[in-house]
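Reviewing the structure listed below.
The values are calculated or read from the model by the stated rules, or taken from the named source; none is laboratory data. Since we're looking at a predicted model, the values are computed, not measured. FYI the Cβ positions are ideal-geometry reconstructions off the backbone, even for glycines, and counts take in every protein chain you see.
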Amino acid sequence: MTSPRELGYRMPAEWEPHAATWLSWPHNENSWPGRFEIVEPVYAQMVRAIAESEPVRINVADAAMERRAQRFLQAAGASGEITFHHVPTNDAWCRDHGAIFVVANCEQGTANREREALPFAVPDSPFAATKWRYNAWGNKYPHDLDDRVAAQMASLLDVPLFERGIVLEGGSIDVNGAGVLLTTEACLLNPNRNPDLSREQIENELRAGLGVEEVVWLGDGIAGDDTDGHIDDLTRFVAERTVVTVVESNPHDENYAPLRENLSRLRSIPIGGKPLDVVELPMPPALVYDGQRVPASYANFYIANTSVLLPGYDRATDARAQAILAEHFPTREVVVIDCSDLIWGLGAFHCLTQQVPAI
């Protein structure tokens with residue numbers, strides 16, 4: 001089957017314009033044991049903040065869940081263009097079970113002569129959806145409904161769908177929109193994902209499906225992360241050649257060594273023959289609930305059209321992380337929302353969102 005790359009598609013950077021943000025409303029109480037009743041109000045605050053920036057699409061199971069969601073959104077003061085879709089899910093993590101969108105490398109209106117001269121085919125649709133196999137981070141949780149969501153999103157948007165043959169979650173990758181992709185060995189090389197594929201074969205699948213050229217591998221993820229080390233808790237592009245990466249200042253913390261190792265890799269890996277600009281982002285103080293470390297990280301921010309949503313955990317470190325991101329997104333407001341309860345579900349804003357590119 002012809003790949004998105006062969007048709008001239010690429011995955012855009014998150015800071016490129018969005019047509020909407022796509023979400024799946026939380027409903028699985030097992031994901032937030034003992035705290036679910038305070039999760040939906042926080043989620044509604046997130047929706048309100050995103051809706052001030054761009055349209056929002058929300059998957060709900062049925063009319064009853066839609067009415068429930070509307071009550072929480074009304075209480076939060078959410079307004080703007082918010083659309084509900086009756087798409088049942090197992091859980092709320094749309095970054096991982098939702099479609100990953102790709103855009104055409106040139107405009108449809110390119111003159112025929114110019115199109116023929118390009119080194120790639122020009123797709124008929126200005127953007128498309130890719131659906132990757134989804135197994136709930138190594139078959140850890142039920143996922144029969146979640147694995148169908150990406151195809152339903154493509155159908156609702158009436159855009160082409162490319163079904164890819166490997167297991168991949170949106171939170172396991174980050175791109176700069178100019179051909180470079182970040183990921184981790186702990187996740188993509190984990191035998192619970194694609195045990196029969198080598199590193200080289202996985203890289204080839206990423207290139208073919210997302211139109212990237214270079215793949216940068218980091219090592220381990222943070223403590224408490226049940227995704228086996230998603231990149232969106234570690235390191236994120238904030239510009240074509242700039243990344244922010246979380247570091248732990250306490251040498252006795254279990255995250256200290258793996259995050260230092262990732263920092264060292266980032267500083268030594270050349271991209272296009274030149275080093276990346278690497279900016280350190282603090283980690284919040286460790287959060288432990290019922291004896292379990294949860295993966296609280298400032299890297300799990302979400303870039304919307306006019307704002308950046310930053311999960312908050314501690315007033316002092318929140319302010320430091322907010323200032324760093326504000327420096328790199330001067331035209332966007334960095335909005336901090338307390339995620340001390342939301343993170344009990346082992347994810348935050350980036351895990352919950354999936355951007356739809358503007359065309």
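In region 124-168, how many residues are of a type in the set (D, E, K, R), crowded, with 19+ Cβ neighbours inside 10 Å and either in contact with a His (Cβ under 9 Å, 6 or more places away or on another chain) or part of a helix (DSSP H, G or I) (or both)?
1
For region 288-311, indicate whether the set of residues that are of a type in the set (A, V, I, L, M, F, W, C) and touching a Gly at 6+ places or on another chain (Cβ under 7 Å) is non-empty.
There is at least one residue in region 288-311 that is of a type in the set (A, V, I, L, M, F, W, C) and touching a Gly at 6+ places or on another chain (Cβ under 7 Å).
Give region 37-46 a look and list any residue that's of a type in the set (D, E, K, R) and buried (at least 19 other Cβ atoms within 10 Å of the Cβ), or say none. Please lay out each step first, then the result.
Step one: of region 37-46, the residues of a type in the set (D, E, K, R) are 37, 40.
The one that is of a type in the set (D, E, K, R) and buried (at least 19 other Cβ atoms within 10 Å of the Cβ): Glu40.
Test Leu206 against the criterion of being among the aliphatic types (A, V, I, L, M), in contact with a helix residue (DSSP H, G or I) (Cβ under 6 Å, 6 or more places away or on another chain), touching a residue at least 12 places away in the same chain (Cβ under 8 Å) and over 28 Å from Arg332 (Cα atoms), and give yes or no. Talk me through it step by step, then tell me what you get.
On the way: among the aliphatic types (A, V, I, L, M): yes; in contact with a helix residue (DSSP H, G or I) (Cβ under 6 Å, 6 or more places away or on another chain): no; touching a residue at least 12 places away in the same chain (Cβ under 8 Å): yes; over 28 Å from Arg332 (Cα atoms): yes.
Considered against the rule, which asks whether it is among the aliphatic types (A, V, I, L, M), in contact with a helix residue (DSSP H, G or I) (Cβ under 6 Å, 6 or more places away or on another chain), touching a residue at least 12 places away in the same chain (Cβ under 8 Å) and over 28 Å from Arg332 (Cα atoms), Leu206 comes out as no.
Check whether at least one residue in region 11-29 is free of Cβ contacts under 8 Å to residues at least 40 places away in the same chain, over 28 Å from Pro126 (Cα atoms) and either hydroxyl-bearing (Ser, Thr, Tyr) or surrounded by fewer than 20 Cβ atoms within 10 Å (Cβ to Cβ) (or both), and report yes or no.
Filtering region 11-29 for residues free of Cβ contacts under 8 Å to residues at least 40 places away in the same chain gives 29.
With over 28 Å from Pro126 (Cα atoms) added as a condition, the list becomes 29.
If we keep only those that are either hydroxyl-bearing (Ser, Thr, Tyr) or surrounded by fewer than 20 Cβ atoms within 10 Å (Cβ to Cβ) (or both) too, we end up with 29.
Within region 11-29, one or more residues are free of Cβ contacts under 8 Å to residues at least 40 places away in the same chain, over 28 Å from Pro126 (Cα atoms) and either hydroxyl-bearing (Ser, Thr, Tyr) or surrounded by fewer than 20 Cβ atoms within 10 Å (Cβ to Cβ) (or both).
Which one is surrounded by the most Cβ atoms within 10 Å (Cβ to Cβ), of the residues in region 268-308 that are under 22 Å from the mean Cα position of the chain (by Cα) and of a type in the set (Asp, Glu)?
If we take residues in region 268-308 being under 22 Å from the mean Cα position of the chain (by Cα) and of a type in the set (Asp, Glu), then Asp277 is surrounded by the most Cβ atoms within 10 Å (Cβ to Cβ).
Has region 47-55 got any residue that is under 25 Å from Val243 (Cα atoms), in contact with a Phe, Trp or Tyr (Cβ under 8 Å, 6 or more places away or on another chain) and crowded, with 22+ Cβ neighbours inside 10 Å?
As a first pass, look at region 47-55 and keep what is under 25 Å from Val243 (Cα atoms): 49-50, 53-54.
When the remaining residues are screened for being in contact with a Phe, Trp or Tyr (Cβ under 8 Å, 6 or more places away or on another chain), the result is 50.
From what's left, crowded, with 22+ Cβ neighbours inside 10 Å: 50.
Yes, region 47-55 contains at least one residue that is under 25 Å from Val243 (Cα atoms), in contact with a Phe, Trp or Tyr (Cβ under 8 Å, 6 or more places away or on another chain) and crowded, with 22+ Cβ neighbours inside 10 Å.
Select from region 209-264 the residues that are part of a helix (DSSP H, G or I) and either free of Cβ contacts under 8 Å to residues at least 12 places away in the same chain or surrounded by fewer than 16 Cβ atoms within 10 Å (Cβ to Cβ) (or both) and list them in ascending order.
In the first step, residues of region 209-264 are kept if they are part of a helix (DSSP H, G or I); the result is 209-210, 231-233, 256-264.
If the condition is that a residue be part of a helix (DSSP H, G or I) and either free of Cβ contacts under 8 Å to residues at least 12 places away in the same chain or surrounded by fewer than 16 Cβ atoms within 10 Å (Cβ to Cβ) (or both), then Tyr256, Ala257, Arg260, Glu261, Ser264 are the ones that fit.
Within region 309-359, track down each residue that is small (Gly, Ala, Ser) and either surrounded by fewer than 24 Cβ atoms within 10 Å (Cβ to Cβ) or not in a loop (DSSP other than H, G, I, E, B) (or both).
Answer for region 309-359, where residues must be small (Gly, Ala, Ser) and either surrounded by fewer than 24 Cβ atoms within 10 Å (Cβ to Cβ) or not in a loop (DSSP other than H, G, I, E, B) (or both): Gly312, Ala316, Ala319, Ala321, Ala323, Ala326, Ser340, Gly345, Ala358.
Mind listing whichever residues of region 209-231 are of a type in the set (A, V, I, L, M) and touching a helix residue (DSSP H, G or I) at 6+ places or on another chain (Cβ under 9 Å)?
Answer for region 209-231, where residues must be of a type in the set (A, V, I, L, M) and touching a helix residue (DSSP H, G or I) at 6+ places or on another chain (Cβ under 9 Å): Val212, Val215, Val216, Leu218, Ile222, Ala223, Ile231.
Can you tell me which residue among Gly34, Gly8 is modelled with pLDDT under 95, buried (at least 16 other Cβ atoms within 10 Å of the Cβ) and either under 23 Å from Ala129 (Cα atoms) or not polar (S, T, N, Q) (or both)?
Working: Gly34 fails: buried (at least 16 other Cβ atoms within 10 Å of the Cβ).
Sole residue among the options that is modelled with pLDDT under 95, buried (at least 16 other Cβ atoms within 10 Å of the Cβ) and either under 23 Å from Ala129 (Cα atoms) or not polar (S, T, N, Q) (or both): Gly8.
With a cut-off of at least 3 residues that are in contact with a Cys (Cβ under 8 Å, 6 or more places away or on another chain), name the strands (runs of 3 or more DSSP E) lying wholly within region 1-97. Can you show your working first?
Values: elements: 18-24, 56-60, 82-86.
In region 1-97, the matching strands (runs of 3 or more DSSP E) lie at 18-24.
Assuming Lys274 fulfils every condition listed in (1) closer than 30 Å to Gly8 by Cβ; (2) modelled with pLDDT of 95 or more; (3) of a type in the set (Lys, Arg) apart from one, which condition is it?
All conditions pass for Lys274, except number (2).
So, in region 35-56, of the ones that are in contact (Cβ under 8 Å) with a residue 40 or more places away in the chain and not β-branched (Val, Ile, Thr), which residue ends up nearest to Asp226 (Cα to Cα)?
Arg35
Does Ala348 satisfy being among the aliphatic types (A, V, I, L, M) and touching a His at 6+ places or on another chain (Cβ under 8 Å)?
Working: among the aliphatic types (A, V, I, L, M): yes; touching a His at 6+ places or on another chain (Cβ under 8 Å): no.
Against the criterion (among the aliphatic types (A, V, I, L, M) and touching a His at 6+ places or on another chain (Cβ under 8 Å)), Ala348 does not qualify.
Is it the case that region 225-239 has a residue that's more than 16 Å from the chain's Cα centre (by Cα) and of a type in the set (D, E, K, R)?
No - not one qualifying residue is present in region 225-239.
Could you say whether any residue in region 88-107 is more than 21 Å from the chain's Cα centre (by Cα), within 25 Å of Ile343 (Cα to Cα) and at pLDDT 95 or above? Reasoning before the result, please.
Let us first name the residues in region 88-107 that are more than 21 Å from the chain's Cα centre (by Cα), namely 105-107.
With within 25 Å of Ile343 (Cα to Cα) added as a condition, the list becomes none.
The answer is no; no qualifying residue exists.
Which one of the conditions (1) among the charged types (D, E, K, R); (2) within 17 Å of Met11 (Cβ to Cβ); (3) out of contact with any Gly (no Cβ under 9 Å at 6 or more places or on another chain) does Glu205 fail to meet, given that it meets all the rest?
So the condition that Glu205 fails would be (3).
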